[in-house]
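What follows is a short report on a single structure.
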Amino acid sequence: MDSGFAELASVDGVITATAEATVPLKDDGLYRGDGVFEVIRLYDGRPFALADHYERMQRSAAAIELPLDRPALEAEVEALLAAAGPTEGQLRLIVTRGGRRIAATEPVPAHAAAATVASVTYQPTLILNGVKSLSYAANMEATRVAHGRGAEEAVLVRPDGTVLEPPTSSIFWVSDGELRTTALEAGVLASITRARLLAALAVSEGEWPIADLLGASEAFLASTTREIQPVHSVDGAELGAAPGPRTLEAREAFAATVARELGD
Ligand SMILES: Cc1ncc(COP(=O)(O)O)c(C=O)c1O
């Protein structure tokens, strides 16, 4: 996306170009996907909601009994961001079972102006519900299944038909005049973008069947990398304007939140 983007990585505090960075092979982070991660947006080099990301990472680590040296990680991130300089991008943090602390700057992946979505049946794992663990193979496969159906993204749906979330974002939709999103109790991730939208807008949290989403007048995906991405269809059902009025309102509210928190 950003051709001049310097991808830098810090592994236990040693900073190199990401292409040169290495980690020891023998690490259950790789062997078993045992570890935690975070992705933080960098606006002109400034991390958005960094404290919230560290806190979620600590909760994820606690949930899988993974030691996490937050002061060391914070110092390494500070050094990495100073080396990367002011740039639009994102920061990936990983802590592995083998004890590696990894931080890397990346360009933000490109996303379509509006997404088509396909529902994919998914059984929450319970132990990993709400945990941003390195075991994301199921989420990635769900996106490939959606691609196979001609959609850009999946929305995970429980076997009983309850809407959960897309594999790497939250979903909001308008039904019965309400802006709705799935409640955390359903087992979805405590998305930081979602939390900012809940603070800024009137949103109903609950558990709704996929039929409610299919009949929505508009919908959008929300995440660190997508910010607010309109959805124009779900399982082939067209939802109306993408972006619709509530999506535009959410986009404005989120942009205002980012500007306020970054002191612009
Ligand atoms: C499963 C899942 N849900 C939601 C999100 C969005 O979270 P955030 O807004 O904190 O980026 C993510 C982020 O990658 C995710 O992996």
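The values are calculated or read from the model by the stated rules, or taken from the named source; none is laboratory data. What you see is a predicted model; the values in this text were computed from it and never measured. FYI the Cβ positions are ideal-geometry reconstructions off the backbone, even for glycines, and counts take in every protein chain you see. Ligands, DNA and RNA are excluded from the accessible area calculation, which covers all protein heavy atoms including side chains. Shrake-Rupley method; radii C 1.70, N 1.55, O 1.52, S 1.80 Å.
Summary table below
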| quantity | calculated |
| --- | --- |
| Members of segment 115-141 found to be of a type outside the set (Ser, Thr, Tyr), open to solvent by less than 30 Å² (accessible area, probe 1.4 Å) and more than 15 Å from the chain's Cα centre (by Cα), listed by number | Ala115, Val117, Ala118, Val120, Pro124 |
| Of residues in segment 187-231 being among the charged types (D, E, K, R) and part of a loop (DSSP other than H, G, I, E, B), the one farthest from the ligand (Cβ to nearest atom) | Glu207 |
| Residue in segment 171-188 that is within 20 Å of the chain's Cα centre (by Cα), surrounded by 14 or more Cβ atoms within 10 Å (Cβ to Cβ) and aromatic (Phe, Trp, Tyr) present | yes |
| Of all residues making up segment 31-61, the number that are near the ligand (Cβ under 9 Å from one of its atoms), touching an Asp or Glu at 6+ places or on another chain (Cβ under 9 Å) and more than 14 Å from Ile94 (Cα to Cα) | 2 |
| Some residue of segment 233-249 being open to solvent by 40 Å² or more (accessible area, probe 1.4 Å), among the acidic types (Asp, Glu) and either farther than 20 Å from Ser119 by Cα or not assigned by TED's automatic domain parsing to the domain that holds Phe172 (or both) | yes |
| Matching entry among Glu88, Glu165, Glu153, Glu185 (being among the charged types (D, E, K, R) and touching a Pro at 6+ places or on another chain (Cβ under 6 Å)) | Glu153 |
| Val23, sole failed condition from (1) touching a residue at least 40 places away in the same chain (Cβ under 8 Å); (2) of a type in the set (A, V, I, L, M, F, W, C); (3) touching a Lys or Arg at 6+ places or on another chain (Cβ under 7 Å); (4) open to solvent by less than 50 Å² (accessible area, probe 1.4 Å) | (4) |
